[in-house]
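Please read the structure below before turning to the comments.
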Amino acid sequence: MKVKVISRSEEEYTRERTSDLRKVQRNYDPLLHPFEKAKEYTRALNAAKLDRVFAKPFLAALPHDDGVTCLARNPKLVNSIVAGAADGDIRIWDIPQKRTLRRLVGHTAAVKGISFAPDGETCVSASTDATVKLWKVPYAPFEAGVVQDDAEAVFEFQGKNAFRGIDHHWDRSAFATAGAAVDIWDHSRSEPVQSFTWGSDTVTSVRFNPAEPDVFASTGSDRSIALYDLRRATPLRKVVMQTRSNALAWNPLEPFNFTAANEDCCLYTFDMRKLESALGVHKDFVSAVMDVDYSPTGREFVAGSYDRSLRIFSVSGGHSREVYTTKRMQRVFAVRFSGDATYVFSGSDDMNVRCWKAKASEQLGVRLPREKHKQAYNDALLERYKHMPEVKRIVRHRHLPAAIYRASKMRRAVTDSDKRKLQRRIDHSAPGSIVVKPERKKKILAQVE
């Protein structure tokens, strides 16, 4: 009598390393699995629904005594953020413990900007009281409990006019301030070492380029975005837009590109080499955009608006992938990504710094390997079936406050009306007589060298 047995050698089925793949006896012939696509689609649908069920982005609120006007993240520490308020109070927060490490006391008016030195041990702050102060930044102690202390400034720089923004050089012990003009300061000098002016009433913000540290950009109240180089005595060039830009941020991955937060409810991404046209227009806000900051990955950025919401955009996306609001949150004046791109911070008029998850449904803490594999599989399913109408509807749906919903509905009606009007003008005019400007060039008035 013959007995048929399955014979398998132990060497083929033993993994030498944990990362090796197990040999699986499976026939991938599609004829044997006729419902594979249908099963996958159902799993993708369930993954999309679960993603929305577990979307709980809000983590913590850190209170101040007045409206929060600016934020800064420490380049050397992931767990620390510094917030400046309208009463001149600056607080260094230990995020995991939700406690104040230091209150930096000294400013007598609203703090308009904070920036860290590259070593992460010192920071500079600019205020409307016409002073810039240099501070020492402590590390968070390991023991729990309240450790709040008051600290005085190490050095004070006296200006002639109120300051509106500040940014530290990426390499040197120098920083730039924005106000009546753009001034360059050195840590060891009490007077500006260099000044740039170019017809603007007030310069509202300034940011150094992360890859070419001597190049920096500023936004002005004359609706301009200007580029400068420390190696030259005069500004390089500027672009004038229809409405004013409030802030800008450089992309750390593509350092030629920067994104400007504009008063017309949109954000504009530019290539500094070709300012005659924007690379992208990012819409969805219904009021002026107040601040913008890039993720360290360079693939997305966060923006905060006067309409009491903050949104996360993909670099190449015209619309936001995420919107965060709470009932008590007021106008958002400052936003920052954390150093590991896991969290987002917002500072608003209601005297709070809020901490959010960058991915609303992400599971925090230590995860088991099977949980990581499951999450990766769900993400792959959503990526594969994101074009399907039902999946797309679930993934995109967000519940908005009534005021934002009504305002966005009205904006859509006005935009649709303008499109219809333009189309009728084209239909009833001679061919070629009406020149339609693309969206990326429509808001740009001039480029000045």
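The values are calculated or read from the model by the stated rules, or taken from the named source; none is laboratory data. Model, not experiment: these values are computed from the prediction. Here the Cβ positions follow ideal geometry from the backbone for every residue, glycine too, while neighbour counts run over all protein chains shown. For the accessible areas, the whole protein counts, side chains as well, though only heavy atoms, and no ligand, DNA or RNA atoms are used. Shrake-Rupley method; radii C 1.70, N 1.55, O 1.52, S 1.80 Å.
Please verify whether residue 335 is modelled with pLDDT of 95 or more and outside any helix (DSSP H, G or I), treating the condition exactly as stated. Yes. Within this structure, residue 195 fails the test of being under 29 Å from residue 289 (Cα atoms), under 21 Å from the mean Cα position of the chain (by Cα) and of a type in the set (Ser, Thr, Tyr).
Summed over the stretch 389-401, the residues that are more than 16 Å from residue 319 (Cβ to Cβ) and either open to solvent by 60 Å² or more (accessible area, probe 1.4 Å) or touching a Pro at 6+ places or on another chain (Cβ under 7 Å) (or both) give a count of 3. Selection of the stretch 247-304 for residues being over 17 Å from residue 226 (Cα atoms), of a type in the set (Phe, Trp, Tyr) and touching a Lys or Arg at 6+ places or on another chain (Cβ under 8 Å) yields only 285.
A search for C-beta distances below 7 Å between a residue of the stretch 1-20 that is in a loop (DSSP other than H, G, I, E, B) and any residue that is open to solvent by 90 Å² or more (accessible area, probe 1.4 Å), counting only pairs 6+ apart in sequence or on different chains, returns 15/22.
Quick grid of which residues meet (1) closer than 30 Å to residue 273 by Cβ; (2) in a helix (DSSP H, G or I); (3) touching a Phe, Trp or Tyr at 6+ places or on another chain (Cβ under 7 Å):
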residue: 382; (1), (2), (3): no, yes, no
residue: 400; (1), (2), (3): no, no, no
residue: 405; (1), (2), (3): no, yes, no
residue: 418; (1), (2), (3): no, yes, no
residue: 425; (1), (2), (3): no, yes, no
residue: 429; (1), (2), (3): no, no, no
residue: 432; (1), (2), (3): no, no, no
residue: 435; (1), (2), (3): yes, no, no
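The rows are residues; the columns are (1) in contact with a Pro (Cβ under 7 Å, 6 or more places away or on another chain); (2) among the polar types (S, T, N, Q).
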{"residue": "45", "(1), (2)": "no, no"}
{"residue": "48", "(1), (2)": "no, no"}
{"residue": "53", "(1), (2)": "no, no"}
{"residue": "57", "(1), (2)": "no, no"}
{"residue": "61", "(1), (2)": "no, no"}
{"residue": "66", "(1), (2)": "no, no"}
{"residue": "69", "(1), (2)": "no, yes"}
{"residue": "75", "(1), (2)": "yes, no"}
{"residue": "84", "(1), (2)": "no, no"}
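Using the structure shown, decide if residue 348 is closer than 26 Å to residue 442 by Cβ and of a type in the set (Ser, Thr, Tyr). No: the conditions fail for residue 348. Restricting attention to the stretch 330-388, the residues being touching a strand residue (DSSP E or B) at 6+ places or on another chain (Cβ under 9 Å) and at positive phi number 2.
Taking the stated definitions as given, is residue 203 at pLDDT 90 or above and closer than 23 Å to residue 125 by Cα? The answer is yes for residue 203. Is it the case that some residue within the stretch 401-421 is in contact with a strand residue (DSSP E or B) (Cβ under 6 Å, 6 or more places away or on another chain) and among the charged types (D, E, K, R)? No, because not a single residue in the stretch 401-421 is in contact with a strand residue (DSSP E or B) (Cβ under 6 Å, 6 or more places away or on another chain) and among the charged types (D, E, K, R). All of 34, 63 fail the test of being open to solvent by 60 Å² or more (accessible area, probe 1.4 Å) and either within 30 Å of residue 394 (Cα to Cα) or under 20 Å from the mean Cα position of the chain (by Cα) (or both), apart from 34.
Please determine, by comparing only the residues of the stretch 66-94 that are charged (D, E, K, R) and within 24 Å of residue 362 (Cα to Cα), which one is nearest to the chain's Cα centre (by Cα). Ranking the candidates gives 73 first.
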